[in-house]
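Scroll down for the structure; my scribbles are underneath it.
The values are calculated or read from the model by the stated rules, or taken from the named source; none is laboratory data. Values in this document were obtained by computation on a predicted structure and should not be read as measured data. Don't worry about glycine lacking a Cβ; one is built from the backbone with ideal geometry, like all the others, and counts go over all protein chains shown.
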Amino acid sequence: MTTAAGVTDGLKAWIAPARTAVLVIDIQVDFASPEGALGAYVDMGGVQPAVAAAERLVRAARAAGVPVVFIGLFTTPETDSPTWLERMRRRGGDPDNESALCRAGEVGSDFYGPRPLEGERVVRKTRYSGFVGTDLDLHLKALGVDTLVVAGVTTECCVDSTVRDAFSLDYHVFVAADACAAYEADLHAASLKVMELNSAILTDANAVAEAWGV
């Protein structure tokens with residue numbers, strides 16, 4: 001998906017490096033790699049193009065001097081929400097015997113595809129949104145950032161939740177649609193449509209790189 005003509009014309013000013021940060025959300029082994037926990041149940045082939053696009057986006061951001069913030073889910077038994085566990089039970093699951101995703105300190109929580117360089121910010125979250133229970137908003141404000149370019153998985157869950165909160169916190173939000181993925185194509189498309197209607201402008205990794213001149 002690419003930006004419409006009017007959006008493309010304004011993109012260079014709207015995402016100028018001095019005001020913008022890139023958020024990379026939950027592109028971790030358990031969520032995106034065929035070798036991760038979900039890889040045994042989900043065809044990750046549809047996720048790999050988004051991982052590659054996110055890598056292009058991150059390279060472009062670094063070349064343009066745009067800060068990149070990596071947001072990941074890092075869970076422990078202590079952070080497992082009673083509400084989450086009860087929801088799983090009510091849906092027929094067995095949280096006492098099912099492996100949790102992205103356990104802190106385990107391979108499943110490692111970033112996959114684009115990975116943070118030394119000095120780049122890593123935000124560790126335990127809920128869907130990167131803003132809930134973290135210092136993400138304070139960090140972005142300290143950088144002087146008012147605009148976000150977002151990539152990640154999954155489109156309808158943690159990407160959507162973070163985008164909604166970002167917009168509610170008065171950030172200008174751009175979603176690199178090709179650098180996001182869901183495990184079902186219709187969910188991806190529907191979530192992009194909802195975000196475009198309510199909280200974000202859609203773009204793609206190449207358009208962003210072009211706007212940054214890299």
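Structural remarks
- The one condition in (1) surrounded by fewer than 21 Cβ atoms within 10 Å (Cβ to Cβ); (2) more than 13 Å from ASP165 (Cβ to Cβ) that TYR128 fails to fulfil: (2)
- Residue among THR147, THR162, THR155 that alone is closer than 19 Å to VAL51 by Cα and in contact with a His (Cβ under 7 Å, 6 or more places away or on another chain): THR155
- Residue match in segment 69-86 (condition: touching a residue at least 40 places away in the same chain (Cβ under 8 Å), surrounded by 13 or more Cβ atoms within 10 Å (Cβ to Cβ) and hydroxyl-bearing (Ser, Thr, Tyr)): yes
- Residue pairs meeting the criteria (Cβ under 6 Å; at least 6 apart or on separate chains; first closer than 13 Å to VAL123 by Cβ, in segment 134-149; second in a helix (DSSP H, G or I) and of a type outside the set (Val, Ile, Thr)): LEU148/ALA166
- Restricting segment 170-201 to residues that are assigned to a strand (DSSP E or B) and either within 16 Å of PRO49 (Cβ to Cβ) or at pLDDT below 95 (or both), the residue that is nearest to the chain's Cα centre (by Cα): CYS180
- Number of residues in segment 45-57 that are touching a residue at least 40 places away in the same chain (Cβ under 8 Å), over 20 Å from ALA211 (Cα atoms) and not small (Gly, Ala, Ser) equals 3.
- Restricting attention to segment 190-205, the residues being more than 20 Å from PHE167 (Cα to Cα) and either surrounded by fewer than 16 Cβ atoms within 10 Å (Cβ to Cβ) or charged (D, E, K, R) (or both) number 0.
- Residue within segment 107-119 that is closer than 19 Å to SER161 by Cα and at pLDDT 95 or above present: no
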